[in-house]
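Before any comments, here is the structure.
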Amino acid sequence: MTQARPVGLLVEDAVAVIRIGSPPVNALSAAVRSGLLDALAAATADPAVRAVVLAAEGRTFIAGADIGEFGKPPVPPTLSDVVDAFERSAKPVVAAIDGAALGGGLELALACHGRVAGPKARLGLPEVKLGLVPGAGGTQRLPRLIGAAVALPLIAQGTTLGPADALRLGMVDEVTGDDALPAARRRALALAAPPPRSRDRDGLGSHEDFEAAATALGKQAAGNPAVQGCIDCVAAAFSKPFDEALAFERQTFRRLMEDARSKALRHVFFAERAAAQVPGLPAGTAARPVASAAVVGAGTMGGGIAMVFSNAGIPVTVIETSQEALDRGLERVRANYDTSVRRGSLSAEERDRRLARIQGQIGLDAAVEADVVVEAAFEELGLKREIFGTLDRVAKPGALLASNTSYLDIDSMAAATARPGDVLGMHFFSPANVMKLLEVVRGAQTTPEALATAVELGRRLGKQPVVVGACHGFVGNRMLARRTAQAERLLLEGAAPEEVDAALVEFGFRMGQFAMIDLAGLDIGWRVRKATGKKAPVADALCEAGRIGQKVGRGYYRYSDGARQGEPDPEVHTLIECIAGEQGIARRAIGRQEIIERLIFPMIDEGARILEEGIAARPGDIDVVWLHGYGWPAWRGGPMYHAGVLGAASVARALEGHAARSGDSTLRPSDALSRMAAA
Ligand code: 3H9
């Protein structure tokens, strides 16, 4: 049951239990902060109380500061006031940590005089993921508790620990098999008085070890002010008196709060959560249970998707048309798991359990038991329609029929069945077992129930689901197509592949456009272009020359002896110059700024159209697609957030300029972007 007030107080057998009940995650809002101070004051004043326990209702202990309050004028009392009051309490306080104790939640627990963790406890200081440092003493108290060299990487990487690890490191005093509250009561009563707090350097450990830990973070700290801030704050624990170090931490926190990166990361936090809410779904729409799955096609995508189901504990049948294709696909799955075992990220036993959940079968009849079928056959509409027609006959009533198509018409597949309401797209991204994005494509007739099932399933699979409308390429690939077209055009106008890629990497992408295409293989796009009659002169010429990417050691780059990093290839430069000459395009030097604007701004333009057409429900949804499917740097918030930072009007103006200069009319801003700019 949820209590009416955000903080309750119950005194029983000489122990006052202060209990936070502020759904959904017990964040430390202004109401919770003042409630905590009031409850502590009442417990302290009550002569019947000998000790205090801090507990919380629901699945989380305390998820941290209320991120919704960030960027707004502060409302007293501050979290530091609360933390300070608990630390100085005249009566001992023990935290009963059931669920997540994150950020300010852990900082408050660290100020208590003891900590007991239940089996579902998760402890960590994830502020760095929001572009911040802990701001309520975390960088001072955690290092004193577990040693600075151990604490620093946890703080600077925002690592979250389970109860066993927290106990091993000394973050908690005790771990319970069940509810932490009874043990916390006992422990609090056993503490006759709050133990004295060390505010000197005891507990920090050796400065040398800390320096080594800081050096190890060097690469991550470069260009990331939050990571550098974490290092500086922990360093202050050595160099400054406790109170001064606390003040330094607070000042660093406030400075980073104004940093553009932190603002973008906070946008991402809320955009990710909003994306999981499907607009327009009737209240109470329930997802159907999913206990088993089938995947049609044992290719790279199909195998990867099967792994995703198995990894989530859902048994899955992989269906192929021939034994040979099936064996090849399952072998690839096994090899993938073996690699994880070799790298130490998976135990051999867990690999065997995961493999045991994946069965192979020939023929679509094998889909008969599945609650969800994901079709991952070739990108050919006729073939897919045929598969959906057959699935309609064999799949059980109520089974979700999903296609993993990247481009094709979901409604046409749905029309091949007598149950179009159960048909939708579940578009995974390659490699499916790694990439977090799942585009859930809503067909014209997809029922709310089917949609809710796919979104809920996506979350269970550990993916970030985003519901999108049906159109060619949906959200992600439709926008990527604009970038790809410009990248090709930039080559002809004078940029080298390595210059285009360097600009994207400098912008923050982990990989450039052409390195990405080389990795995926140029043949995929070539096949699509041939089928649709489209042309990309440079890419087509490379394919005709057999340069289909990294797998053959040659694409936009040259890969010597199986290297993963390509080298610029003069042959490619010559080929580009030759095509440009044939097309009468005068080549010129193109600067980084122009390269970036011409790659990114057309994407924003497409995003504006996607929003107007209702293909995406919110600008944040588009951002989430690009963050989790295409490696858009999180600290830049996503393409539509980026547009907001620059101003849609200035994006439109820049596009006009590039269109005029290059003579490429596809660069002209769309009406949708112009309307966005005007608004
Ligand atoms: C901090 O503490 C700074 C301090 O050092 C110093 C201060 C001076 N605030 O994720 P979910 C909402 S920085 C406000 O889907 P789950 C969330 O938006 C903070 N709202 O649930 C969503 O709302 P809605 C450091 C929050 O079960 C709902 O709760 N802490 C906050 O999958 C459910 O969220 C963090 O960074 C918040 N802090 O996961 C932890 N947290 O329903 C952030 C959540 O309207 N939180 N909401 O969409 C998390 O990692 C996860 O939410 C958690 C639960 C693991 C707790």
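General observations
- If you take the alpha carbon atoms of region 7-258 and fit the smallest convex hull around them, that volume is 109 Å³ per residue.
- Reachable lysines from residue 534, criterion Cα separation under 29 angstrom, eight or more residues apart if same chain: 384, 551
- Beta bridge orientation in the chain: antiparallel %, DSSP, nearest 5: 25 percent
- Relative contact order of region 594-679, taken over Cα pairs closer than 8 Å and 6 or more residues apart, is 33 percent.
- Separation of alpha-carbon centers, region 566-617 and region 627-669, rounded to whole Å: 12 Å
- Viscosity 1.002 mPa s, 20 °C: Kirkwood-radius Stokes-Einstein D of region 549-608 over Cα pairs, µm²/s: 153 µm²/s
- Pairs of Cα atoms farther than 23 Å apart, region 147-300, %: 62 percent
- Separation between Cα centres of region 106-168 and region 331-353, rounded to whole Å: 31 Å
- Dividing the helix sum by the residues of the chain, where each DSSP H run of 4 or more adds -39500 (n - 2.57), gives a mean residue ellipticity at 222 nm of -15500 deg cm²/dmol.
- Members of 219/436; 120/436; 240/436; 263/535 lying beyond 31 Å, as alpha-carbon distances in this model show: 240/436; 263/535
- For residue 56, the amide hydrogen comes within under 5 Å of the amide hydrogens of 20, 98, counting only partners 5 or more places away or on other chains and with H modelled in the peptide plane.
- Where only alpha carbons of the chain are counted, the Rg and the Dmax (Å): 28.1, 93
- DSSP-defined antiparallel bridges as percent of all bridges, region 414-477, nearest 5: 40 percent
- Each part gets one Cα centre, and for region 183-232 versus region 377-392 those centres are 57 Å apart.
- Region 61-192 - Rg over Rh from alpha carbon coordinates, Kirkwood radius: 0.96
- The orientation-averaged projection of the convex hull spanning the C-alpha atoms of region 477-678 amounts to 11.1 square nanometres.
- Using C-alpha pairs under 8 Å with a sequence gap of at least 6, the mean separation divided by the residue count of region 554-650 gives a relative contact order of 15 percent.
- Solvent exposure ordering (accessible area, 1.4 Å, most first) of 115, 668: 668, 115
- Membrane-span-like helices in the chain (whole DSSP H runs, Cα extent of at least 27 Å along the helix axis, mean Kyte-Doolittle hydropathy of at least -1.0): 592-612.
- For region 293-473, the antiparallel share of DSSP beta bridges with both residues in that region comes to about 15%.
- Nearest-10 value in Å² for the accessible area of residue 173, using the 1.4 Å probe: 70 Å²
- Here, region 226-333 yields an orientationally averaged convex hull projection of 13.2 nm² when only Cα atoms define the hull.
- Measure of compaction for region 601-649 (Cα Rg per 2.2 N^0.38 Å): 1.03
- For residue 676, the solvent-accessible surface with a 1.4 Å probe is about 60 Å², rounded to the nearest 10.
- Rg/Rh for region 293-367, where both radii come from Cα atoms and Rh is the Kirkwood radius: 0.97
- Taken over region 293-473, the convex hull of the Cα atoms encloses 95 Å³ per residue.
- Annotation note: trypsin sites (Lys or Arg not before Pro) in region 1-93 located in DSSP loop regions with a Cβ neighbour count of at most 16 within 10 Å are 59.
- Computed accessible area, residue 632, all protein chains, 1.4 angstrom probe, square angstrom: 10 Å²
The values are calculated or read from the model by the stated rules, or taken from the named source; none is laboratory data. As the structure is a computational prediction, the values presented were derived from the model and not from experiment. Counting neighbours? That spans all protein chains shown, and the Cβs are built from the backbone with ideal geometry, glycine included. To get the accessible areas, we keep the full protein, side chains included, count just its heavy atoms, and leave off ligands, DNA and RNA. Shrake-Rupley method; radii C 1.70, N 1.55, O 1.52, S 1.80 Å.
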